[in-house]
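Heads up, the thing below is written out as structure tokens.
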Amino acid sequence: MSKPWAIRLASESDLDAIMQIEHECFANDAWSSDSMFDELTGAEKYYIVAYQDDALIGYAGLNKLPTVHQSEIQTIAVLPSSRGNGLGRDLMDQLLQEAVRCDCREVFLEVRADNPVAQQLYRSLGFEQIDVRKRYYQPDDVDAIVMRATLTSAKAEPLVLGIESSCDETGVGIVRGTTLLANVISSSMDQHARFGGVVPEVAARAHLEALLPTLNEALATAKVSLDEIDAVAVANGPGLAGALMVGVGAAKSLAVSLGKPIYAVNHLVGHVGVDILERGELETPTIALLVSGGHTSLLLVRNLLDDVELLGETIDDAAGEAFDKVARVLGLKYPGGPEIDNAAADGDPNAIRFPRGLMLPKDMEKNRYNFSFSGLKTAVARHVEVLNTKGELVPIADVAASFREAVVDVLVSKAVNACVDHNVPRLLLGGGVIANRRLREVAQQRCDENGIELRIPALSLCTDNGAMIAAIGAQLIAAGRQPSGLTFGADSTMPVTTVQTL
Amino acid sequence: MGAMLAIDTSAGTTVALVRNGEVIAESNHDNTMGHAETVAVAIAEVLAAAPGVGVNSVVVGRGPAPFTGLRVGIAAAMMFSQGAKAKLSGVISLDAIALLELEGNSAISSTNPLLVVTDARRKEVYYALYSGLNSHGVPIRIDGPAVIKPAALEEMLIDINITPVTATKSITAVAIAKLAEAQLRDACLSTDVTALYLRQPDAVEGQFGKKVSG
């Protein structure tokens with residue numbers, strides 16, 4: 001059970017109750033009632049009290065020195081019977097938040113050298129020992145350890161838990177600022193295999209079942225507890241509505257239970273922002289090509305949080321969907337991407353010239369950055385059908401290699417065009433289809449030819465994951481953006497221009 | 001003493017905070033859509049009504065209910081219990097409706113049972129039959145929960161020669177909490193929170209070789 005208490009600002013009328021606790025906690029060196037009164041009423045002082053069932057159980061105070069952007073923890077006390085439940089941490093959190101609010105960059109405190117429990121708490125909050133004051137506490141004759149926390153780093157490096165549930169992957173990721181601590185993904189792909197594609201209801205049911213195991217594995221991997229999380233982030237679109245709602249309901253409730261802010265972020269922007277976890281920052285402007293079972297999108301990213309433009313997207317099937325459908329035509333398994341990649345290994349990519357969608361000169365005017373794969377899929381099906389009718393053997397390796405070549409050719413050509421047209425010498429790839437070896441190979445080759453820097457994040461960060469959502473949340477916090485409210489819902493068709501839903 | 005947070009999204013969104021049988025706060029929203037938008041707002045509302053009251057158990061209605069909304073409440077309950085380090089349990093939503101009807105109603109028996117019916121959409125209903133309350137105040141379910149066409153349900157009742165009293169009350173989180181408290185007394189409160197869909201997903205297994213040319 002956590003937080004059986006509540007915290008509010010202290011007032012003069014709390015003086016007697018505070019003094020009782022003061023005497024119980026600091027038997028030999030308690031402050032006088034007059035000193036405490038001055039503390040509670042001082043202009044630059046910030047005192048809070050914790051209470052449970054109408055009785056005071058602890059208090060803490062901060063002395064603010066905003067002109068020098070510093071503050072001091074004056075005191076903190078918790079009744080012995082209420083210790084060990086995280087109340088001390090809760091009180092400290094509130095004081096530090098107040099210090100951040102008044103733009104303090106450093107917070108100082110003194111702690112008894114013979115109190116290792118308190119020292120451990122302060123260290124976990126980012127305090128470091130900077131000095132020792134010999135025999136400071138009298139009459140006990142105990143040294144004081146002076147500690148300092150730098151707040152800018154705490155704000156720039158928030159611990160964020162991200163939840164992703166837009167399609168068939170339940171992802172929970174944990175980041176500290178730009179550092180990846182955990183990225184746990186539970187996929188329901190196997191359950192969709194017999195249907196030959198993602199079934200939304202099956203995916204949504206699987207999210208609910210995977211939620212707690214995925215969360216707990218992520219916390220264990222990151223070696224953090226939920227109490228330490230500074231904020232929760234969740235992908236609330238685009239994606240499958242029923243699937244997104246599981247993540248949205250879960251994330252909001254988690255945030256409320258922890259009393260922490262929530263950030264609702266765009267799933268596609270997450271795919272772009274994930275590069276931050278590998279390089280510490282996202283170099284902009286960049287073109288981003290996101291290719292998965294649900295998306296084929298070409299983006300121009302001038303600024304991750306403020307300026308993401310959709311240049312084009314598929315007008316029918318997503319590229320990953322085309323792989324799945326062609327795999328079925330060829331009698332291969334689901335998911336089609338890796339199956340076709342394997343089948344194509346010994347095939348001739350130029351054996352059959354399959355059509356390249358929206359690549360004709362007339363298309364290049366109206367649909368320069370848009371994609372179409374449904375005609376290609378039909379062309380493959382027709383090719384196979386003709387061979388079957390003639391009673392000829394279908395050269396699966398050649399068909400797979402030629403189909404794959406057509407998809408890759410279109411994807412890379414349009415992405416490189418976007419880079420050249422917009423004079424942006426960077427291309428970032430994202431989405432599950434990036435696992436395709438030939439796509440990465442051709443992208444590298446054409447980028448090299450055109451002097452474009454190619455970024456391909458690790459595959460575990462390319463597929464749908466919670467870490468990318470957490471990374472965007474951390475960026476929003478670092479940029480000082482306000483958290484989302486609790487009323488946002490899932491938006492299955494969210495435009496890429498909506499980076500955060502407030 | 002900690003309180004119990006009860007959540008049900010089998011119909012609308014309903015959330016309550018209850019301690020020792022006393023309702024501290026409740027938040028009820030009839031809209032049978034918008035669970036993802038509403039659930040956390042409702043939780044925050046009931047918590048705000050009682051500062052200084054800790055939640056040490058979370059109980060959620062497992063349905064039966066049509067898919068989407070039901071999942072939101074269960075997901076919210078799961079996560080809240082983790083964040084608050086509270087115990088998590090699940091009850092059958094129809095049982096909670098039965099509790100509302102059976103309290104103070106001694107006319108119900110196994111020969112004159114209570115029928116609880118809720119909308120399952122697609123021209124079907126969920127139902128369960130109850131013969132009364134046990135000594136701990138837990139409804140005694142004698143049939144269901146199951147999903148059925150209304151005509152088939154009627155036929156079945158005629159077959160077994162039963163004219164039940166049909167429940168008219170709607171689900172509330174307060175009823176979910178009262179049911180959980182009764183089940184606690186009866187030592188039968190379950191930690192199972194799996195969703196009761198009672199239907200398989202609509203999906204057809206992949207068809208291979210669909211013809212594309214004339």
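The numbers here are math on the coordinates, done by the rules we state, and not lab data. Quick caveat: nothing in here was measured; it's all calculated off a predicted structure. Every residue, glycine among them, receives a Cβ derived from its backbone with ideal geometry; neighbour counts consider all protein chains shown.
The phi torsions of the stretch B:180-186, fed into the Karplus equation with coefficients 6.51, -1.76 and 1.60 and a -60° offset, translate into couplings of 4, 5, 5, 5, 4, 4, 8 Hz, rounded to whole numbers, with Gly and Pro shown as x. Taking a sphere under 11 Å around the Cβ of B:Ile97 and counting the other residues whose Cβ falls inside, with K and R at +1 and D and E at -1, yields a net charge of -2. Mean partner shielding of peptide B:54-65, defined as the number of other chain Cβ atoms within 10 Å of each residue Cβ, is 2. The GluC sites (Glu not before Pro) of the stretch A:359-413 that DSSP puts in a loop, and whose beta carbon has at most 10 other beta carbons within 10 Å, are A:Glu392.
Among the GluC sites (Glu not before Pro) in the stretch A:38-135, those located in a DSSP loop and surrounded by at most 16 other Cβ atoms within 10 Å of their own Cβ are A:Glu44. Considering only alpha-carbon pairs that sit under 8 angstrom and 6 or more positions apart, the relative contact order computed for chain B is 23 percent.
The distance separating the Cα centre of the stretch A:438-502 from that of the stretch A:110-152 comes to 42 Å.
When the pairs A:Lys260/B:Lys87; A:Lys390/A:Lys414; A:Lys3/A:Lys45; A:Lys333/B:Lys123; A:Lys45/A:Lys260; B:Lys87/B:Lys149 are compared against a 29 Å limit on Cα-Cα distance, A:Lys390/A:Lys414; A:Lys333/B:Lys123; B:Lys87/B:Lys149 fall above it.
Couplings 3J(HN,Hα) of the stretch A:110-124, computed from phi: 10, 9, 5, 5, 9, 10, x, 5, 5, 4, 5, 4, 5, 4, 5 Hz, in residue order, whole Hz [Karplus 6.51 cos²θ - 1.76 cosθ + 1.60, θ = phi - 60°; x for Gly and Pro].
Extension gain for B:Cys188 to B:Ala203 (0.36 nm times residue separation, less C-alpha to C-alpha distance): 1.8 nm. Over the Cα atoms of chain A, each weighted equally, I'd like the Debye log10 I(q)/I(0) at q = 0.07, 0.09, 0.11 Å⁻¹, rounded to two decimals. Listed by q, the Debye log ratios stand at -0.49, -0.70, -0.91.
Remark: the A:Asp421-A:Arg148 segment gains 93.1 nm on full extension, using 0.36 nm per residue and subtracting the alpha carbon distance. Histogrammed with a bin width of 10 Å, the alpha carbon distances of the stretch B:1-123 distribute as 13, 42, 31, 12, 1 percent, first bin at zero.
Could you pull out every residue, at least 5 positions away or on a different chain, whose amide H is within less than 5 Å of the one on A:Val199? Hs are placed 1.01 Å off N in the peptide plane, and Pro or chain starts have none. Correct list: empty.
Look at the stretch B:34-46: the mean tally of other chain Cβ atoms within 10 Å of its residues' Cβ atoms is 6.
The amide H of B:Ile142, built 1.01 Å from its N in the peptide plane, has B:Leu129, B:Tyr130, B:Ser131 as neighbours under 5 Å, considering only residues 5 or more places off or on other chains. Using the Cβ-Cβ distance between A:Glu453 and A:Met189 with R0 set to 41 Å, the FRET efficiency works out to roughly 0.80. For every other residue with a beta carbon closer than 15 angstrom to the beta carbon of A:Lys134, add +1 if it is Lys or Arg and -1 if Asp or Glu, then tell me the sum. Its environment carries a net charge of -3. For peptide A:194-203, the mean count of partner chain Cβ atoms within 10 Å of a residue's Cβ comes to 4.
Taking a ≥ b ≥ c as the square roots of the eigenvalues of the Cα gyration tensor of the stretch B:77-168, is the shape rounded (a/c under 1.5), prolate (a/b larger than b/c) or oblate? It comes out oblate by the Cα gyration axes. Within chain A, the longest run free of exposed loop sites, counting trypsin sites (Lys or Arg not before Pro) that sit outside DSSP helix and strand states (H, G, I, E, B) and have at most 11 other Cβ atoms within 10 Å, spans A:1-222. Among A:Asn367, A:Gly126, A:Tyr51, whose Cα sits farthest toward the positive end of the charge dipole of chain A (+1 at Cβ of Lys/Arg, -1 at Cβ of Asp/Glu, about the Cα centre)? My answer, from the dipole projection, is A:Asn367. Amide hydrogen proximity for A:Glu453: with H placed 1.01 Å from N in the peptide plane, the residues at 5 or more positions away or on another chain lying under 5 Å are A:Arg426, A:Leu427. A simple packing score, the average count of other Cβ atoms within 10 Å per residue, orders the peptides A:138-146, A:226-234 as A:226-234, A:138-146, with the highest score first. Assuming a ≥ b ≥ c are the square roots of the Cα gyration tensor eigenvalues, decide whether the stretch A:72-115 counts as rounded (a/c under 1.5), prolate (otherwise, with a/b larger than b/c) or oblate. The shape class here is oblate. Gain on full extension, evaluated as 0.36 nm per residue between A:Ser33 and A:Glu106 minus their Cα-Cα distance, stands at 23.4 nm. Rg and Dmax of the stretch A:348-502, based on Cα coordinates, read 19.8, 66 Å. For the stretch A:1-108, the square roots a ≥ b ≥ c of the C-alpha gyration tensor eigenvalues yield an a/c of 1.5 or more together with a/b not exceeding b/c, which makes the shape oblate.
The orientation-averaged shadow of the Cα convex hull for the stretch A:161-254, equal to a quarter of the hull surface, comes to 5.8 nm². Summary of the geometry: the stretch A:1-36 and the stretch A:41-55, compared by the centres of their Cα atoms, lie 8 Å apart. Whole-Hz Karplus values for the stretch A:32-43 come out as 7, 4, 5, 4, 5, 4, 4, 4, 5, 9, x, 5 Hz, taken residue by residue from phi with 6.51 cos²θ - 1.76 cosθ + 1.60 and θ = phi - 60°; glycine and proline positions read x.
If R0 equals 35 Å, the separation of the Cβ atoms of B:His136 and B:Lys169 corresponds to a calculated FRET efficiency of about 0.95.
A simple packing score, the average count of other Cβ atoms within 10 Å per residue, orders the peptides B:143-149, A:419-425, A:466-472, B:2-8 as A:466-472, B:2-8, B:143-149, A:419-425, with the highest score first.
Shown is the FRET efficiency for B:Glu103 and A:Ser11, computed with R0 = 51 Å from the Cβ-Cβ distance and rounded to the nearest 0.05: 0.70.
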